[in-house]
1. Considering only residues that are in contact with a strand residue (DSSP E or B) (Cβ under 8 Å, 6 or more places away or on another chain) and modelled with pLDDT under 95, which ones fall in the range 420-455?
2. Suppose we keep only residues that are of a type in the set (Asp, Glu) and closer than 22 Å to THR237 by Cβ within the range 70-109. Which one would you say is least open to solvent (accessible area, probe 1.4 Å)?
3. Does the range 409-433 hold any residues that are crowded, with 23+ Cβ neighbours inside 10 Å, hydrophobic (A, V, I, L, M, F, W, C) and out of contact with any Asp or Glu (no Cβ under 7 Å at 6 or more places or on another chain), and which are they?
4. Before we move on, is THR11 open to solvent by 30 Å² or more (accessible area, probe 1.4 Å), in a helix (DSSP H, G or I) and of a type in the set (Ser, Thr, Tyr)?
5. For the range 395-408, name all the residues that are open to solvent by 10 Å² or more (accessible area, probe 1.4 Å) and touching a His at 6+ places or on another chain (Cβ under 9 Å).
6. For residues that are touching a residue at least 40 places away in the same chain (Cβ under 8 Å) and either surrounded by 17 or more Cβ atoms within 10 Å (Cβ to Cβ) or under 25 Å from PHE391 (Cα atoms) (or both), tally how many sit in the range 330-344.
7. Please find, among ALA282, ALA288, the residue that is within 27 Å of SER371 (Cβ to Cβ), touching a residue at least 60 places away in the same chain (Cβ under 8 Å) and not hydroxyl-bearing (Ser, Thr, Tyr).
8. Sort through SER5, SER59 and tell me the only one that's surrounded by fewer than 17 Cβ atoms within 10 Å (Cβ to Cβ), closer than 26 Å to VAL227 by Cβ and touching a residue at least 12 places away in the same chain (Cβ under 8 Å).
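The values are calculated or read from the model by the stated rules, or taken from the named source; none is laboratory data. This is a predicted model, so every value here is computed, not measured. Positions of Cβ are backbone-derived with ideal geometry, glycine not excepted, and every protein chain shown enters the neighbour counts. Ligands, DNA and RNA are excluded from the accessible area calculation, which covers all protein heavy atoms including side chains. Shrake-Rupley method; radii C 1.70, N 1.55, O 1.52, S 1.80 Å.
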Amino acid sequence: MTTNSGQSIATLSARIQSGMLDPVALAEETLDAIAGHEDGSVFVALTRERALKEAEAASRRLREGRSLGVLDGIPVAWKDLFDLEGLATTAGSKVLATAEPAAADAAVVAALKAAGMVAVGRVNMSEFAFSGLGINPHYGTPRNPASKDVARLPGGSSSGSGVAVAAGLVPVSIGTDTGGSVRIPAAFNGIVGYKATRGRYDMSGVFPLAGSLDSLGPLCRSVQDAVWIDAALRGLTASEVVRGAIGELSLVVPETIVFDDVEPGVAAAFEQALDRLARAGAKIRRQAFPVFSEIFALAARNGALVTAEAYAVHAARLSGPEAAEMDPRVVVRTRLGEKITAAGYIEILKTRERLMAEFSAGIGAGELIVSPTVPHVAPPIAPLVEDDALFFKTNGQTLRNPSIGNFLDWCAVSIPCGTGDAGMPVGFQIAALPHRDLSLLSAALAAEAVIRDGFSA
C-alpha cells in the first residue's frame, strides 16, 4: 500500500495545499495502484492521459499560487453511468461496449473538473444499475475488501465505487442511487455514502434507470468529504453546510418494516450506536409508519415504480438480439415492467404523492429518520451466483430499507457504525425529508464520530 492510500479527501487536500504532495505524483501513484491492484474487476477503464493532464494543470495552479480550493488535484473515480468525453458509456453492459463515445462530459463530471478534481477512471457496476448486490457477469464482480473469510458482495449497483474507496485506491467515487445504490455499497464496505435529494444535481449525461427515482452522490471516507463534494457538484466554491450539535438532534426510529428479519449483529451494532447518540444528548423516539407497508403493498399490487421505468428505458433492447447478451437476471427483472399497465403506473405515481405527504405530516419539524442501512452484512458471492432464487430474495432484502427513502424522495447518509456477522461492516442510515440536504449533512457531521466510535474501514 502507498503512503497516500486510504486517505480522506481532507487529508490529501491538506498535503496538496501545503506543498507536501504534488498532484501529478498523487495521480501517478493512484493510477499505478489501480493498475497493480489484485482485483482487476474494480475498474473497467483507466483514464491515464486525462488524469495526468488534469493533475499537471492542478500542479501548475498550485505553483502559481492560484489553487481552485480544497478539491484541486484530488483523484475521483466515476461509476460507468457517467459520460466522460471520448469514452463510450457502457453502464456495466457488453451491449453498449461499441456505443458512440461521449461527445462531452456529464454535467457533474464537468463540475468536479471545474473544481480541479482529477478523473482517474471508470468503476464497475451492476449491469444497467439494476441490482443492489453488485454482481456483474460481464466485467467480473468486485470483491468486498472488508471480508476476511470468503469473497463477499460489494453491494450495488455502485459496486466498483464502494470497493475502490474501501480498498484505498481513490478517496472518492461518484455513484448513482435509485433504490439504495450509493448507500448499500457504503454500508457493505464500511465507508460513507451520501444520496442527495433527487434533482439536487444536474443529471445530464447520466445513463438513466428510473427518472422518478434516480439520484446520485459520493462514496467516500468521511461526511466532511461528502460535504465538499456536494458543494462542488452544484458548482459552488464553498459549502453552506454548518456543523450541527448532537444535543440539537431529534431522531425517529421506524418500527415498521426496517427491522424485519434483521441480522442480530446488525441490530446490535445499530442499537449500540443509537445508545451512544442518546448518551451524547440526541433526542430519540420510536414510531410505527404504516406508510412503509403501503409502499410495498402498492408494488405488490401494481408492480414496482423502478421496474416500470426501467422497462421503458430498455423495451426496444429487450425485444431485440441485445437481450441475449445481457445478464439474464437483469432481463428477467426488467421484463416485469411489461406487465405494468398505464393505469397501474398512474396509480403508483398518484399514491406516491399521497404517501410522501402523509409521511411528512407524521414526523416533527426537523426530525431525522434513522435505521440500519441494510438489514444484513455483505453475503458471500458464490451461493448467489449459483442460485437464482437466492439471488432475487437477497436482492429484495438488500434493497428494502434504502428503497423506502427513494420512493419517499428522501436524502440520506450511510455511516459505518460497527461490525456484524463475520466481522463485516454495518451501516447506520440518517435520512431527511426531500430538499433538506443541508440539515441532513449538518446532522451527519455532528453525529459521525459518535456513530463510528472508532470504526474505520
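1. Selection gives ASP453, PHE455.
2. For the range 70-109, the residue satisfying everything is ASP72.
3. Within the range 409-433, TRP410, ALA412, VAL413, CYS417, MET424, VAL426, PHE428, ILE430, ALA431, ALA432 meet the criteria.
4. Yes.
5. Hit for the range 395-408 is GLN397, nothing else.
6. 3
7. Result of the check over ALA282, ALA288: ALA282.
8. SER5
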